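The structure appears right after this line, and notes come after that.
The values are calculated or read from the model by the stated rules, or taken from the named source; none is laboratory data. Quick caveat, the model's predicted, so the values are computed rather than measured. As a convention, Cβ positions derive from the backbone with ideal geometry for all residues, glycine included, and neighbour counts pool all protein chains shown.
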Amino acid sequence: MNTVLRVLVVVILVLSGLALALAVGLFGRRELLIGRTHVLETQLIKIAKTIEQADPADPVRPSLTPRDIAKIESKELDNPERSAFWDGYQYKLETPNLPVIDLDNEAKKLQLRQYYRIGADGKKVIDPLSNKPATSGPGTMQELLDTVLTRATAQNATLNKTRVELAKVRTELDDTIKDLNEVKRNARTDKKTIEDKQKEIDSLKDEKANLERKIKGLEEEKISLNAEIAEGKNEITKQKEEIADLGKKLKDMDKELQKRIGQSGPIRDGGPLVSAKSFEGKVSPGDKGKIVAADDKFKFVVAELSDAFITEILGANRDGALPQLELMVRRPGLKSASGEFVTRIKLRQILRQQNLVVADVLSDWQQVPAAKDDVVFF
């Protein structure tokens, strides 16, 4: 009996040692499992905060301008062909700042630690199929994990849709850039053509200005020639008067000869010519009116002239021809390098009853652009 007891004591001591060693090993594993579970729980809460709680709602379709894809021609189109890109575009993919899954609260943390499903009586619910405690369903850790997995799957699908839409947008953007590059290339060509035409226009303007200067010189030469002609006509008139006197003397002599020799012969006579008078020297100096409208782009002004000045240049009956007279324009109070002087103008056309004349601005004299209420003077 003593031997049996001794054997049992030894066996119990050995088993106790083994149990102690097993307990020490299990305690270390227990700490490992607790630490791993805590880390997994913490990281799951963080990951959940990066997952959207629900899909974005369909937004109101904004009014966007479709791209004009019609061929560029030299005519206007009221309704050009347009791209249908925006018709199938998924606007809801642009919805920002959607609510995320929030597990960082006491209730959700407790549910994450609830492996078994607990019934209303506070006891574990038995799964009727396995006849074991249920580990899924409301209130369990599995419910939260399934929710996170479902939303992660949906968000991944949304990400893939976004990638597809980005590829479409890239294609549309590439087509738009190609169209824009083509338009810019054509615009450069058109701009070069416009610049060449502008140079040609400028050259024609210079040629026109030279011709106008030549015309002015010819007009001055014409005036000089007219003066010479008038002087010549006066001389001719004097000579005709002298011839008339000589004719009279010849007639007297002819009569005397007729008496003496009984013969007669005709003597021819000439009439006097009317001479033309030059316009220059008839205009008195002083203010003659004011500017009522001006166009600096086309270099002309409309001036309202005084009755006295109109009478001076057209005559008392205002039926004379308008001379291409040059007048000056000043602006009272103007502070510039030339004082109050603005420019010179040349009369072009007149409205006799309103005392209004249209005049060209002489660019060579212009100091500043002419403006309304500037004073016209001679």
**OP:** Give L44, L26 a once-over and let me know the one that is of a type in the set (A, V, I, L, M), in the same structural domain as L159 (by TED's automatic domain parsing) and either surrounded by 10 or more Cβ atoms within 10 Å (Cβ to Cβ) or within 30 Å of K161 (Cα to Cα) (or both).
**Re:** L44
**OP:** Would you mind finding the one in K191, K197, K216 that is among the charged types (D, E, K, R), more than 30 Å from A54 (Cβ to Cβ) and either touching a Gly at 6+ places or on another chain (Cβ under 7 Å) or outside the structural domain of I51 (by TED's automatic domain parsing) (or both)?
**Re:** K216
**OP:** Starting from residues that are in contact with a Lys or Arg (Cβ under 8 Å, 6 or more places away or on another chain) and in a loop (DSSP other than H, G, I, E, B), keep the ones in segment 323-335 and report whichever is surrounded by the most Cβ atoms within 10 Å (Cβ to Cβ).
**Re:** L325
**OP:** Output the residue which, of all residues in segment 336-367 that are assigned to a loop (DSSP other than H, G, I, E, B) and exposed (fewer than 15 other Cβ atoms within 10 Å of the Cβ), is modelled with the highest pLDDT.
**Re:** G339
Subject >> Pair list, Cβ < 6 Å and 6+ apart or interchain, from segment 44-62 residues that are farther than 30 Å from D87 by Cα and modelled with pLDDT of 85 or more to residues that are of a type in the set (D, E, K, R) and not in a helix (DSSP H, G or I) >> reply: I45/D104
Subject >> Residue, nearest to Q354 (Cα to Cα), within segment 304-320, restricted to residues that are part of a loop (DSSP other than H, G, I, E, B) and modelled with pLDDT under 85 >> reply: R318
